[in-house]
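Input: a single structure, listed below in structure tokens.
Derivation of every value follows stated rules applied to the coordinates shown; laboratory data play no part. What you see is a predicted model, and the numbers here were worked out from it, not measured in a lab. Every residue, glycine as well, gets a Cβ built from its backbone with ideal geometry; the counts of neighbours run over all protein chains shown.
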Amino acid sequence: MDGQVSPKSEIADPAARIASLLAAQKAAWAKDVTPDHATRDDRLARLDRMIEAWQERFAAAISEDFGNRPAVVTTLTDIVPVRAAIRHARKHLKRWMRSRSVSLAWTGKPASAVILRQPLGVVGIVAPWNYPLNLMLSPLTGVLAAGNRAILKPSELTPAFSDVLAKAVAETFAEDEVAVVTGGPEVATAFTSAPFDHLIFTGSTAVGRKVAEAAAKNLTPVTLELGGKSPAILDPSVQFDKAVPRLVWGKLLNSGQTCVAPDYALVPRERVQDFLAAVKAEVNRQYPGLPGNADYTTIISPRHYARLTRLVEEAREKGAEVIELAGPHDGERRVFSPVAVIGAPDESAVMQEEIFGPILPIVAYDTLDEAIGYINHRDRPLALYWFGEDKASQERVLTGTIAGGVTVNDTILHLAQDDLPFGGVGASGYGAYHGEAGFVALSKEKPVLRQSAISGVKFLYPPYGRMAQWM
Ligand code: NAD
């Protein structure tokens with residue numbers, strides 16, 4: 001460990017504490033600008049041991065924050081993917097850190113050139129509440145692998161988790177290596193206004209805009225991992241028995257509180273009723289006995305629960321057909337049972353806002369061009385899903401639309417692969433992380449040209465008298 005700075009209790013003002021931590025981390029960075037492989041590997045190993053040692057406490061705290069979130073969901077979506085990312089980083093770290101030699105044009109010879117990969121310095125990470133461990137510690141993995149230091153700001157909607165995280169990090173890292181700052185939007189605003197060397201923000205598009213604005217004042221580069229409405233296209237060639245279980249799993253994981261959840265389904269008009277029946281059967285297969293099913297995550301807060309209720313009511317008022325797919329809702333315990341909505345008008349909130357809950361709008365289409373056009377006339381989505389058997393149609397959708405990432409014939413899974421860069425496009429964000437893409441995004445690729453003993457560029461020196469004759 002690199003040493004301790006002032007204990008947290010000494011500084012009550014969050015902005016002052018952020019400034020003090022940042023100064024301490026920058027000072028520590030200056031003493032070891034490019035940490036060697038052993039230092040980085042040790043930090044990653046400590047992070048991995050920390051997650052292993054604290055995993056039950058993390059799962060219990062996250063469940064407390066949600067009301068009910070099964071420990072198995074936290075294990076599968078928060079713990080396992082981050083530990084896999086750490087293993088992946090440790091395995092490839094030496095190769096990622098190597099400098100790359102570059103061959104020069106004849107005008108540059110006989111000099112030589114390399115690209116050095118160096119840390120950026122101190123990175124601030126702001127995370128949302130929906131996968132609070134994954135979306136904090138997965139970016140941190142890339143940050144540490146690339147040799148940076150980090151200050152973490154978890155969501156105020158996961159106070160129990162934030163508390164455990166702060167304790168675990170304080171036990172594992174020196175404050176000038178990794179530190180945690182907790183608090184709500186005021187703290188978050190002070191945090192993203194601080195002159196970090198890089199910020200990674202995961203959250204809503206609306207807040208992402210504010211973060212980009214605050215960071216611009218310091219010229220701090222930002223990776224923005226935002227949300228949006230991710231479509232699932234059911235091709236006419238789709239086989240519902242294969243597609244629907246995968247779609248329902250992705251939609252209802254964490255009760256739809258997933259950034260890459262399929263938001264709505266585009267379905268061939270003549271198959272809408274068959275699709276609905278298949279979805280309903282599958283929902284009840286995966287989550288029998290709702291609202292009393294312990295595998296089903298509750299909605300994070302009364303405010304979020306009320307918003308989902310409003311989305312459905314407004315769609316109904318605007319003429320949409322609302323179909324309850326499973327048991328009744330339990331507002332007191334915030335169990336929002338799955339609902340399908342057919343024929344919601346475009347201007348309804350359920351078709352305008354990211355749903356972030358277990359509501360599935362079904363949009364009927366007549367031709368594939370119409371489905372592609374529907375997607376292309378909206379904000380660019382974070383994820384896109386295509387289900388079907390027809391390869392030519394799949395190709396048309398892949399080349400005819402733009403999205404942050406795609407899974408074909410399943411949902412969510414592209415996010416779980418460390419060699420696939422993960423990030424949005426347009427309103428769903430910019431920049432990417434995971435694996436080597438994250439390592440590069442969190443490094444400065446510094447070009448270095450080493451001149452040879454014999455300079456090949458003497459002709460650049462004045463006087464230019466004779467050169468002028470050749471031009
Ligand atoms: P949010 O934008 O409300 O909050 C995210 C974080 O931003 C929190 O830590 C919060 O304290 C902080 N924050 C709030 N106001 C701020 C401000 N003015 N300046 C700086 N920071 C501020 O998002 P949320 O409700 O926690 O999460 C849900 C959203 O996140 C959804 O839109 C979802 O799609 C998106 N999301 C994206 C990804 C991804 O990887 N792209 C992953 C998960 C969630």
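Neighbouring Cβ atoms within 10 Å as the yardstick, rank 87, 380, 40 fewest first.
87, 380, 40
Under 8 Å for C-alpha pairs, at least 6 residues apart: give me the relative contact order for region 229-318, rounded to a whole percent.
Relative contact order of region 229-318: 33 percent.
Please give the charge dipole size of region 60-124, origin at the Cα centre, charges +1 on K and R Cβ atoms and -1 on D and E Cβ atoms. Round to the nearest 20 debye.
660
Just to be sure I understand: of the beta bridges DSSP finds with both ends in the chain, what percent are antiparallel, rounded to 5?
Approximately 35 percent, going by the DSSP bridge assignments.
By how many nm would the segment from residue 450 to residue 209 grow when fully extended, if each residue of separation counts as 0.36 nm and the alpha-carbon distance is taken off?
82.6 nm
Across 5 Å bins from the origin, how do the percents of Cα pairs in region 277-360 run, short distances first?
Per 5 Å bin, starting at zero, the Cα-Cα P(r) for region 277-360 comes out as 3, 15, 26, 24, 19, 10, 2, 0 percent.
Toward the positive end of the charge dipole of the chain, about the Cα centre and with charges on Cβ (Lys, Arg +1; Asp, Glu -1), which of 397, 385, 16 goes farthest?
Projecting each Cα onto the dipole axis, the largest value belongs to 16.
If you take the charge dipole of the chain about its Cα centre, with +1 on Lys and Arg Cβ and -1 on Asp and Glu Cβ, which of 143, 335, 406 is farthest toward its positive end?
Ranked along the dipole, the leading option is 143.
What's the center-to-center distance, using Cα atoms, between region 14-63 and region 204-280 in Å?
Here the two parts' Cα centres lie 32 Å apart.
Residue-wise, which Karplus ³J(HN,Hα) couplings in Hz belong to region 229-238, taking 6.51 cos²θ - 1.76 cosθ + 1.60, θ = phi - 60°, and x for glycine or proline?
9, 8, x, 10, 9, 9, 6, x, 7, 5
Measuring from label point to label point, each 7 Å out along Cα→Cβ, what is the residue 323 to residue 294 span in nm?
The modelled label-to-label distance comes out at 3.2 nm.
Any idea what the dipole of the chain comes to, in debye rounded to 20, about its Cα centre with Lys/Arg Cβ at +1 and Asp/Glu Cβ at -1?
2140
Can you give the relative contact order of the chain as a percent, counting alpha carbon pairs under 8 Å and 6+ residues apart?
Working: 933 pairs, mean separation 88.7, N = 471.
Over the chain, the number comes to 19 percent.
How large is the helix-only mean residue ellipticity at 222 nm for the chain, computed as the sum of -39500 (n - 2.57) over DSSP H runs with n ≥ 4, divided by its residue count, in deg cm²/dmol to the nearest 500?
Working: 16 runs with 197 residues, N = 471.
After summing the helix terms and dividing by residue count, I get -13000 deg cm²/dmol.
Taking H as built 1.01 Å from N, whose amide H comes closer than 5 Å to the amide H of residue 113, not counting residues under 5 places away?
102, 450
Decide, for the chain, between rounded, prolate and oblate: order the square roots of the alpha carbon gyration tensor eigenvalues as a ≥ b ≥ c, take rounded if a/c falls under 1.5, and otherwise choose prolate if a/b is larger than b/c, else oblate.
Numbers: a/c = 2.24, a/b = 1.43, b/c = 1.57.
It is oblate, given that a/c is not under 1.5 and a/b is not larger than b/c.
Based on other C-beta atoms within 10 Å, arrange 386, 249 from fewest to most.
So the ranking, lowest neighbour count to highest, is 249, 386.
Along region 146-158, what does the Karplus equation 6.51 cos²θ - 1.76 cosθ + 1.60 (θ = phi - 60°) give for ³J(HN,Hα), rounded to whole Hz, x for Gly and Pro?
So the Karplus estimates, Gly and Pro as x, are 6, x, 8, 10, 8, 10, 10, 10, x, 6, 5, 7, 10 Hz.
Taking H as built 1.01 Å from N, whose amide H comes closer than 5 Å to the amide H of residue 223, not counting residues under 5 places away?
Those qualifying (amide H under 5 Å, at least 5 residues apart or on another chain) are 199, 200, 201.
What ³J(HN,Hα) values, in whole Hz, does the Karplus curve 6.51 cos²θ - 1.76 cosθ + 1.60 give for region 67-80 when θ = phi - 60°, with x put for Gly and Pro?
x, 9, 9, x, 4, 5, 5, 5, 4, 6, 10, 9, 6, 4
What GluC sites (Glu not before Pro) in region 324-396 are in a loop by DSSP, with at most 11 other Cβ atoms within 10 Å of the Cβ?
332, 347
Assign unit charges at the C-beta atoms only (+1 for Lys and Arg, -1 for Asp and Glu), then state the dipole size of region 258-362 relative to its Cα centre in Debye, rounded to the nearest 20.
Its charge dipole is roughly 220 debye.
Determine the gain in length on full extension of the stretch residue 156-residue 38; use 0.36 nm per residue of separation and subtract their C-alpha separation, reporting nm with one decimal.
Result: 39.0 nm gained on full extension.
Select from 451, 122, 204 the residue farthest towards the positive end of the dipole of the chain; place +1 on Cβ of Lys and Arg, -1 on Cβ of Asp and Glu, and compute about the Cα centre.
Sorting the options by dipole projection puts first 451.
Scan around residue 264 for amide H atoms under 5 Å from its own, H built in the peptide plane at 1.01 Å from N, and keep only partners 5 or more places away or cross-chain.
230, 232
Which distance in nm do the two modelled labels at residue 216 and residue 310 give, with both placed 7 Å along the Cα-to-Cβ direction?
It is 2.8 nm.
Ranking 80, 363, 244 by Cβ neighbours within 10 Å, fewest first, what do you get? Intermediate values should be presented prior to the final figure.
On the way: 80 15, 363 21, 244 24.
Lowest to highest Cβ neighbour count: 80, 363, 244.
Nearest 0.05, what FRET efficiency do residue 378 and residue 115 give at R0 = 35 Å with Cβ-Cβ as r?
Efficiency at R0 = 35 Å is approximately 0.35.
Distance cut-off 26 Å, Cα to Cα: go down the list 91/217; 91/229; 217/444 and report the pairs above it.
Where the Cα-Cα span goes over 26 Å, the pairs concerned are 91/217; 91/229.
For region 134-200 and region 304-360, what is the separation of their C-alpha centers, rounded to whole Å?
The distance from the Cα centre of region 134-200 to that of region 304-360 comes to 34 Å.
FRET efficiency for residue 285 and residue 98, Cβ-Cβ distance as r, R0 = 41 Å, nearest 0.05?
Here the calculated transfer efficiency is 0.25.
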